[in-house]
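Encoded as structure tokens, here's the structure I'll be asking about.
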């Protein structure tokens, strides 16, 4: 029987938007929603390394010199059924995936709305404290590097599967806006959408610069009240 392989990826980059470049790739496979492979990573050649991004991942321009520039085909030399990343909208700015994409951040918002935060690091420790994941600490270091971050995300993905989430469902969630458990702005910041008054929801929809995901959440709450 063919194994189901989800390739968890993480990028370190020279900026948050192209034409910024990927300077490091990390991958870690989750096989049959149960077995996590040893993470691997490699550096990529880049034209520059701004100090503000180097301060995050600590990769120098000198370390990248002589390396091949990022080529997404290298991530797919071994076949996989899907890819996953935490906040996959970031990674998919830098390449077009030939397989379905899972965003573990969007899935975590759905599955664990009451988590203290839905960042990679907070989810890691929150799930560890509950005994839902167990990581080899050495493989999580150094922090903010592509291989260790992919390894952490693979464990979060496994925990999502353990709740009953499926590949198809998580791919579907990934295609939709973020389902935020609480209102993140204004006088209702931090309160459940059910406690946000109609006037504020309407105000959100009228703002031309309001983030599309926030408007979607407001529209969703309005529709819920009309059912």
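Multiply the residue separation of residue 141 and residue 77 by 0.36 nm, subtract the distance between their alpha-carbon atoms, and state the gained length in nm to one decimal. Can you show the working numbers first?
Details: separation 64, 0.36 × 64 = 23.04 nm, distance 2.55 nm.
My answer for the length gained is 20.5 nm.
For the range 36-105, what is the relative contact order in percent, using Cα pairs closer than 8 Å and at least 6 residues apart in sequence?
In percent, rounded to a whole number, it is 26.
Say R0 is 25 Å: what FRET efficiency, to the nearest 0.05, do residue 215 and residue 56 get from their beta-carbon distance? Please list the in-between numbers first.
On the way: r = 30 Å, r/R0 = 1.20.
Here the calculated transfer efficiency is 0.25.
In the Gaussian network model of the chain, springs joining C-alpha atoms below 10 Å, which of 11, 200, 94 carries the largest mean-square fluctuation?
Of the options given, 200 has the highest mean-square fluctuation.
Now for a different question. Kirkwood hydrodynamic radius, the range 15-82, all distinct C-alpha pairs: what's the number in Å?
Radius from the Kirkwood sum: 13.6 Å.
Can I get the semi-axes of the chain's equivalent ellipsoid? Compute them from the C-alpha gyration tensor as square roots of 5 times the eigenvalues, in angstrom, largest first.
Computed over the chain, the values are 32, 22, 17 Å.
Sum -39500 (n - 2.57) across every DSSP H segment of at least 4 residues in the chain, then divide by the residue count to get the 222 nm mean residue ellipticity, nearest 500. Could the numbers behind the result be given before it?
Values: 9 runs with 83 residues, N = 227.
It lands at -10500 deg cm²/dmol.
Suppose a student asked you for the relative contact order of the chain, using Cα pairs under 8 Å spaced at least 6 residues apart; what percent would you report?
With pairs under 8 Å counted, the relative contact order is 19 percent.
Next question, about the same structure. Using DSSP, restrict attention to beta bridges with both residues in the chain and report what percent are antiparallel, rounded to the nearest 5.
Among the beta bridges of the chain, antiparallel pairing accounts for roughly 75 percent.
Still on this structure, please answer the following. Return the whole-Å distance between the Cα centroid of the range 9-31 and the Cα centroid of the range 209-227.
Centre-to-centre distance over Cα atoms comes out at 32 Å.
Please give the contour-minus-distance gain from residue 134 to residue 224: 0.36 nm per residue of separation, less the Cα-Cα distance, rounded to one decimal in nm.
That pair, residue 134 and residue 224, stretches by 28.6 nm at full extension.
Taking R0 as 22 Å, what FRET efficiency do you get between residue 63 and residue 38 from their Cβ-Cβ distance, rounded to the nearest 0.05?
0.50
Follow-up. Can you give the Rg and Dmax of the range 186-226 based on its C-alpha atoms, in angstrom?
Gyration radius and largest Cα-Cα distance of the range 186-226: 9.4, 26 Å.
Please give the contour-minus-distance gain from residue 191 to residue 17: 0.36 nm per residue of separation, less the Cα-Cα distance, rounded to one decimal in nm.
Numbers: separation 174, 0.36 × 174 = 62.64 nm, distance 3.15 nm.
Net length gain for the segment: 59.5 nm.
Since every read-out is calculated from the coordinates, none of them should be taken as a lab result. Because the structure is predicted, anything quoted here is derived from the model rather than measured. In this analysis, Cβ positions are derived from the backbone assuming ideal geometry, glycine residues included, and neighbour counts consider all displayed protein chains.
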